[in-house]
Every structure is written in structure tokens, then in C-alpha cells.
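Data block below; observations after.
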Amino acid sequence: MPRVSLRGLRTAGELLQRSSFDTSATPALQQIRALGGGGVPEFYGKPSKYTPGTDFLGTPPDHLQRVASRPVSPHVFEVDGKGFHYRMPINAVTSILNRATGTALTVGTVGIGAIALLGDVPSAITAFKTSVPWLVVPTKAIVAFPIVYHYAGGIRHLIWDQAKIGKQADKTSYLENETVDRLSWGVVGISAVGTLALSIVSFS
């Protein structure tokens, strides 16, 4: 098998980076580069001083022409930015929300840690409850929702990790489309009830 030197790979990477700014490329290639952050180098698949090419892999001679005419997946949003290009099913929405709540928990943990390093967390909470009591319940809801949702979403993923592949003959897999939707709605329901309960309960 032909060998490619590390220097050759670095040089190829530099040329790939430069090709991202090539305005002479076809619209399809420009779109690929805009979405992928680099795109297809002009020497890809061809013999050059960097590589003997990829003929040994069966790369067709018109590979670049095929790449240029290949359809590109549309953006998540419509061109006017006013709506989603794809229909967003409940499992997609809950998956995105699971990542968002994970990020929120990280930010919250860092914030509480910073308060603990610079002052006193219980005193800060007491001062907040005393100064703006009407914000206590909404704030508790804002704090409780990411905790409950992310925890419930994690349990859902543990169930999925242990499930067999969907669309089997017995149709009992937790990865069946219908079951996935039901589990997703279950996470939403549990999160709503849990958030409400934690918001109105008092631990003092």
C-alpha cells in the first residue's frame, strides 16, 4: 500500500485550508465547503507530489465531477430562517432539550462553585429569598427543570442502551418509533410534574 509522509499530510492540509477560499469553485463545492469548513481539495483522489492517488481504492476518474453534482443536505432552517426545513418529531425536540439542560446544569454548577469560592451560598440564597420573595417559585422552577429533565432523559437513554434494535418481528423493542415517541412524551410529563412539585415545596 502506498505510504504518505507526515510532511505530505501537513502540506495537503494547508492546501485544503486555502481551497476553502477559492471563489472559482462550483456552487455545489462552495456549499460543501461552507457547511463542512474545508471541502474537497482539488488534488483529492489524483496522483500528485503528495500522494500517489487513490486509484488503488477504486476511485473513479471523474470523482471530483461527481462530488460537484452530489446533492447537499439542506440546512436545519429554511432559507428565510422563519421555520424548520425538517419536521421536528418529539424525540428530536427532547434530544436537543437534553443537551440544552446538560449545558444549563454545567453553567449552574460553575456559578454555584464561584459563589462558594467568593462567599457563602446559604447566605446568598437567604438574601435572595428575602429581597425578592415573588421570584422564589419561578427561580426554583428554572433550577428544578434542568435537573429533573436531564435525569429523566438519562434514564431514558439507559433504557435505550439496553434495548435491542427496533423493527424486529415481535415489535417489543424500546427502539420502535412508536415506543420512542411514548418515552419522549413520558420524559416531558415527568419533567413537568417534577418541576412543579419542586417549585412549590418548601425545604425550610
Original post:
Out of all the residues in region 161-176, is one or more of a type in the set (Lys, Arg), on the phi < 0 side of the Ramachandran plot and surrounded by 13 or more Cβ atoms within 10 Å (Cβ to Cβ)?
Top reply: no
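So that you can scan it fast, the table gives a plain yes or no per residue for (1) in a helix (DSSP H, G or I); (2) of a type in the set (Phe, Trp, Tyr); (3) under 22 Å from the mean Cα position of the chain (by Cα):
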| position | (1), (2), (3) |
| --- | --- |
| Thr59 | no, no, no |
| Val79 | no, no, yes |
| Ala92 | yes, no, yes |
| Pro146 | yes, no, yes |
| Gly153 | yes, no, yes |
| Leu158 | yes, no, yes |
| Asp161 | yes, no, yes |
Original post:
Ser202 versus (1) part of a helix (DSSP H, G or I); (2) loosely packed, with under 13 Cβ neighbours inside 10 Å: which is the lone unmet condition?
Top reply: (1)
Original post:
Got a number for residues in region 107-151 being within 30 Å of Leu183 (Cα to Cα), open to solvent by 50 Å² or more (accessible area, probe 1.4 Å) and in contact with a helix residue (DSSP H, G or I) (Cβ under 6 Å, 6 or more places away or on another chain)?
Top reply: 4
Original post:
Taking into account only those residues within region 50-72 that are in contact (Cβ under 8 Å) with a residue 12 or more places away in the chain and out of contact with any Gly (no Cβ under 8 Å at 6 or more places or on another chain), which is farthest from His157 (Cα to Cα)?
Top reply: Pro52
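The values are calculated or read from the model by the stated rules, or taken from the named source; none is laboratory data. Since this is a predicted model, take the numbers as computed values, not measurements. Cβ sites come from the backbone with ideal geometry, for glycine too, and all protein chains shown count toward neighbours. Accessible surface is based on the protein model in full, side chains and every heavy atom, while ligands, DNA and RNA are left aside. Shrake-Rupley method; radii C 1.70, N 1.55, O 1.52, S 1.80 Å.
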